[in-house]
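Please treat every number below as a calculation from the coordinates, not as lab data. This one's a predicted model, so the numbers in the text were calculated from it and none came from an experiment. All Cβ positions, glycine included, derive from the backbone under ideal geometry; neighbour counts span all protein chains shown.
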Amino acid sequence: MNLTCLGIFIMTVNIGLSLAGHAGESLVYFGTYTGAKSQGIYVSRFDPATGKLGAPELAAEIQNPSFIAAHPDGHHLYACGETSGGGTVGAFSIDSKTGKLVLLNKEHSGGNGPCHVSVDATGKCLLVANYGSGSIAALSIHGDGRLGEAATHIQHHGSSVNPNRQAGPHAHFITPSPDNRFALTCDLGMDKVLVYHLDPNAAKLVANDPPFALVTPGSGPRHLVFSPDSKFIYVINEMGGTITVFSYAATNAAMTEVQTISTLPKDFATNNTCAEIALHPNGKFLYGSNRGHDSIAIFAVDQQTGKLTFVEHESTQGRTPRHFAIDPAGRWLLAENQASDSVVVFALNPETGKLKPTGQSITVGSPVCAVFVGEK
């Protein structure tokens, strides 16, 4: 082999192994809004020992994969196709060696503008929230990871006090309960957290009794997270700039408000909308993102009462942190700054809950979601 051919061969091998990584590393997938700087879902290697993110590469080309979710088997990924003219959800298989995604199939999301997806604990059912049409759907997941047509479609009806944003329903989030018996969905337009019985085998949703819990009118509930013991639910309210704490009865999914607390400094008067919410794996600290203040609000959790105590704000070092993700070990936080095309890595202190910038970041066009997919 001459030197020119050898050089080409080495270059080809290096490209093929650029995402192969080392033992202990995990894949991180980024959902985006597509445009001049993004063509779909991107993937990076993440080193949990150092918090280092590898250079992102295009994993799959798809329009507006604004939210993504991993299958429990770690071999499949699902993504919204957030379009106004009839939304879709896509199923992908994961190539664990390269991180690339292979499209298996697409199905209609059961509405317009799908903005959130989740997979039930058995991996048999995909849940979808359609913001544009204010509806939710459940689709069967076949053994090979492909999606079936929506087996359940439920159209929400109602409104709330803000005529500009709450003239009709806007389903923004849907997730199975920790015991996989219920599905809970936040509807921003109705100021409700609605509850449904979940049958993952049939991809079936049926209204629960009690059917919903209310937040303060005009709050606009966006996302929620369960406490590790399932005794509490934390709801971040996009429009109100608040987090509402509910006690949760696992027997019948009844919710009772415990506390509502601001995510903002008292003297902050500029426009702001909240976005993502997450608990540290140890359950002791809660995090919520502010778009406008461009920060992560950090709270200590009283694990007996569920109540929150403010700790501090940490700048996300960018604009419009639509989402953030905590690594499974609870040592790092990745903040996705949608308006500045950046993903910034923070060190997370599990004893204090505080964040510290690491100086590490990568460039991803309009990042709006991040998902860790196991060690590789």
Given LYS52/LYS284; LYS52/LYS354; LYS100/LYS124; LYS100/LYS231; LYS52/LYS231, the pairs whose alpha carbons are separated by over 29 Å: LYS100/LYS231; LYS52/LYS231
Out of ASN252, SER140, GLY51 - ranked by how far each Cα lies towards the positive end of the dipole of the chain, with unit charges on the beta-carbon of charged residues - the top one is GLY51
What is the distance, in nm, between label points placed 7 Å from the Cα along the Cα-to-Cβ direction at THR270 and at GLN304? 4.1
Where nothing but the Cβ of Lys and Arg (+1) and of Asp and Glu (-1) is charged, how large is the charge dipole of segment 40-118 around its Cα centre, in debye to the nearest 20? 140
For the chain, what is the calculated [θ] at 222 nm in deg cm²/dmol (nearest 500), taking -39500 (n - 2.57) for each run of four or more DSSP H residues and dividing by its residue count? -1500 deg cm²/dmol
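What GluC sites (Glu not before Pro) does segment 38-147 have in DSSP loop regions with at most 11 other beta carbons within 10 Å?
Taking segment 38-147 and a limit of 11 other Cβ atoms within 10 Å, no loop GluC sites (Glu not before Pro) are found.
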Give me the distance between the Cα centres of segment 195-215 and segment 76-114, rounded to whole Å. 24
Can you compute the equivalent ellipsoid semi-axes for the chain, i.e. the square root of 5 times each eigenvalue of the Cα gyration tensor, sorted largest first and rounded to whole Å? 33, 25, 19
For the pair ASN282 and THR216, the simple spin-label estimate (label points 7 Å beyond Cα toward Cβ) gives in nm 3.1
Starting from the 7 Å offset along Cα-to-Cβ, what nm value, one decimal, do you get for the label separation of SER159 and GLN63? 3.0
